[in-house]
1. Dipole of the chain, Cα-centred, from +1 at each Lys and Arg C-beta and -1 at each Asp and Glu C-beta, to the nearest 20 debye?
2. Once you put a point 7 Å from the Cα of Arg68 and another 7 Å from the Cα of Val143, both along the Cβ direction, what distance in nm separates them?
3. Summing -39500 (n - 2.57) over the DSSP H runs of n ≥ 4 in the chain and dividing by its residue number, what mean residue ellipticity at 222 nm do you reach, to the nearest 500 deg cm²/dmol?
4. Beta carbons within 10 angstrom, averaged per residue: use that to sort the peptides 121-129, 64-72, highest first.
5. Could you rank Ile113, Ile12 by how accessible they are, 1.4 Å probe, largest area first?
6. Which distance in nm do the two modelled labels at Ala112 and Thr75 give, with both placed 7 Å along the Cα-to-Cβ direction?
7. Please list, in chain and number order, the residues 5+ apart from Leu106 or on another chain whose amide H is under 5 Å from its amide H, with Hs placed from the backbone.
8. With no other cysteine's Cβ closer than 4.7 Å, which Cys residues of the chain count as lacking a disulfide-compatible partner?
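The values are calculated or read from the model by the stated rules, or taken from the named source; none is laboratory data. Note that the structure is a prediction, hence the values are computed from the model and not measured. Ideal geometry is used to build each Cβ from the backbone, glycine not excepted, and the neighbour counts take in all protein chains shown. Just the protein is used for accessible areas: all its heavy atoms, side chains included, with ligands, DNA and RNA removed. Shrake-Rupley method; radii C 1.70, N 1.55, O 1.52, S 1.80 Å.
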Amino acid sequence: MSEPQGDARAYIGLGSNLDEPAAHIRSGVAALARLAKTRVEACSSLYLSAPVGRRDQTDFVNAVCRVRTGLAPSTLMHNLLEIEYQHGRERRGEKGGPRTLDLDLLLYGHEAIRSEELTVPHPRLHERAFVLYPLSELEPELVIPGRGPLRELLAGCAGQWVQKLGV
């Protein structure tokens, strides 16, 4: 059963590795708080992680925020892309490269969404420690739809380097 779109709990991953990454993350959180029909309930600490995929770049700063939203998933995603754009993010086809701000819709209620523009839960959420650690800080008992308990997913990412920052 999915939560009504009038009051869905969603989780948004934030990442940056360019131009003062922690400042971009904080600014991204502030932008989330300004979205219509959306309230930021909680945000994780900041985490430092090595890049995944393309390794010829600086480490990333990551976080996860839990929001309550009345926005439909596609509308919320459109807003996230707009926030990225406002932070200087340019999507030019290359995945995994450096970025000022990356916002991913990780989860939207208990929904499983598969469309051309959006896949929820995020398709690589279960294999990325830089998402799972901050997510577990917010919801240690969370079960990821179609993937299982967060604690078990974390165990599968034990070899990935992630460091909680003291800021």
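1. 40
2. My value for the distance between the label points is 2.4 nm.
3. So the calculated ellipticity at 222 nm is -7500 deg cm²/dmol.
4. Most protected by this proxy first, the peptides run 64-72, 121-129.
5. Ile113, Ile12
6. The answer from the label model is 2.6 nm.
7. Those lying under 5 Å, H to H, from Leu106 are Tyr11, Ile12, Gly13.
8. Cys157 - these cysteines have no disulfide-compatible partner (Cβ-Cβ under 4.7 Å) in the chain.
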